[in-house]
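Read through the structure below, which is laid out as structure tokens, and then see the notes.
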Amino acid sequence: MSAPAPKLPLTILRENVTKKVRVHLKDGSKLEGTLLGLDEFMNLLLRDAVELDHQGNPKIRWGLVLIRGNNVLWVEIQE
């Protein structure tokens, strides 16, 4: 028996809309918020977004933000 095919990153993110996520950006900053939506370019829309400092503590509250996909390094789904 063969193993099931792995899910693509966009599929996983679409399954987790309305969940809390932490987005790591290429410039080293991190944002945390509720994932409201995304598109095929991995542009992300977050609600209640908060920028985190290097220790993971809230630094700036942004509210509703759109993150351009080419700035995303990786996304963590917060359990």
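The values are calculated or read from the model by the stated rules, or taken from the named source; none is laboratory data. This structure is a prediction, so every number in the text was calculated from the model and none was measured. Here Cβ is always computed from backbone atoms with ideal geometry, including for glycine, and neighbour counts include all displayed protein chains. These accessible areas exclude ligands, DNA and RNA; they are computed on the full protein's heavy atoms, side chains included. Shrake-Rupley method; radii C 1.70, N 1.55, O 1.52, S 1.80 Å.
Looking across region 52-79 at every residue that is of a type in the set (D, E, K, R) and open to solvent by 80 Å² or more (accessible area, probe 1.4 Å), the one that is farthest from residue 12 (Cα to Cα) is identified as 59.
Restricting region 30-51 to residues that are touching an Asp or Glu at 6+ places or on another chain (Cβ under 6 Å) and farther than 21 Å from residue 11 by Cβ leaves a set whose member that is surrounded by the fewest Cβ atoms within 10 Å (Cβ to Cβ) is 50.
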